[in-house]
Amino acid sequence: MNMLYKNTLLILISTLTHTSIFNMSTQQEKAIITKENAKELALNSVIGGATGTIEVLATQPFLYGKNKLQQGQSLKEIIKEVSLHFRMLYRGCGISIVNMAPTTAIQITTHRALHTLFSDDDLISSTLCSFASGTVSALASTPTELVILHQQNNGQSAYQTVRKIVATQPYSVLYRGVTPKAFREGLFTIGFFSLYPSIKNQVHAHVIDNNAAAVFIAGASTGLFTSVISHPFDTISTIMQADYERKNSTTMLQTAQHIHKKHGYRGFSKGATLRSLNIALSIPIMTQAQQTLNTLARGNQKYE
């Protein structure tokens, strides 16, 4: 078992740092974590964290509205509520940054590692790498999104919200809804890493030779497509986390059945318009931020 852990760790480190583990001596294995490798890992994490922070500041109001719609509030009620207290749109923004910074860092770092491990650029490999990087990031996003949701609902601080939740529930409740979130994040990262750049390049090459127009078209089309296929999972995860005491359902399937029984199939699309706008903005913002930060950090070095 110890040998299995050792080999797994070596493979993970080698893919994250572009270091081959084949034909290594024992001394080489011990020296695999170099100063340069640590710097590269830290740089990927910082770039991912900064990218996520920029995205949150731009799109937090859409998240607020989407969460409220999914929980049954009408758009009219939300507008009235926000008109009285405009700052409510950014309620939970701090914890959103705490959420998106590591989540995006994990997505970018994991995607780069998997892209290095599976060097083929075919559609299937690219899609699987993108999906996997998203599912892994759900481990970081699930607890913080639970806090964000209830902080938006009750207006308390993040600390007070966590204390209230864990006062009556085990700490495992923080991972309530992790399965639908993993599917949601995986589908989002397919759009972020695979679909958006492909559409942008095709539009730029064959439709219009204007980068701003290509960014807008690719962002809008990717946002719409990604939202449509992933939004049911987002709705299920939101309802599961809103019902963290499990009064209405326990599992993802039971939650889906509860939504369908109460609202029909339309229940799975609540908040879809705001989330589509969110993703349509998020993907080009995150892509451009990532590219700009990589250029600043690495100069003319090609980022793969």
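Just so it is clear, none of the values below were taken in a lab; they were calculated from the coordinates. Predicted model, so just to flag it, every value in this text is computed and none were measured. Cβ coordinates were reconstructed from backbone atoms using ideal geometry, including for glycine residues, and neighbour counts include every protein chain displayed.
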Exercise. Would you work out the relative contact order for the range 44-289, in percent, from Cα pairs under 8 angstrom that are 6 or more residues apart?
Key: 25 percent
Quiz item: Which of the residue pairs Lys247/Lys270; Lys66/Lys181; Lys66/Lys164; Lys66/Lys261; Lys76/Lys270; Lys200/Lys270 have a Cα-Cα distance greater than 19 Å in the structure shown?
Solution: Lys247/Lys270; Lys66/Lys164; Lys66/Lys261; Lys200/Lys270
Quiz prompt | Loop sites in the range 39-89: trypsin sites (Lys or Arg not before Pro), DSSP, at most 14 other Cβ within 10 Å | solution = none
Practice problem: Per residue of the range 75-85, in order, report the coupling 6.51 cos²θ - 1.76 cosθ + 1.60 (Karplus, θ = phi - 60°) as ³J(HN,Hα) in whole Hz, putting x for Gly and Pro. | Solution: 4, 4, 5, 5, 4, 4, 4, 6, 5, 7, 9
Quiz item: Which ³J(HN,Hα) values in Hz, rounded to whole numbers, follow from the phi angles of the range 222-230 under the Karplus curve 6.51 cos²θ - 1.76 cosθ + 1.60, where θ = phi - 60° and Gly and Pro get x?
Solution: 5, x, 5, 5, 5, 5, 4, 7, 9
Quiz item: Ordered by residue, what ³J(HN,Hα) values in Hz, to whole numbers, does the range 180-187 give under the Karplus form 6.51 cos²θ - 1.76 cosθ + 1.60, where θ = phi - 60° and Gly and Pro are x?
Solution: x, 5, 4, 5, 4, 5, x, 5
Quiz item: What is the log10 of I(q)/I(0) for the range 55-193, computed with the Debye formula using one identical point scatterer on each Cα and no solvent, at q = 0.09, 0.10, 0.16, 0.22 Å⁻¹?
Solution: -0.32, -0.40, -0.88, -1.30
Practice problem: Quick one: which residues, 5 or more positions from Gly92 or on another chain, have an amide H under 5 Å from its amide H? H modelled 1.01 Å from N in the peptide plane, none for Pro or chain starts. | Solution: none
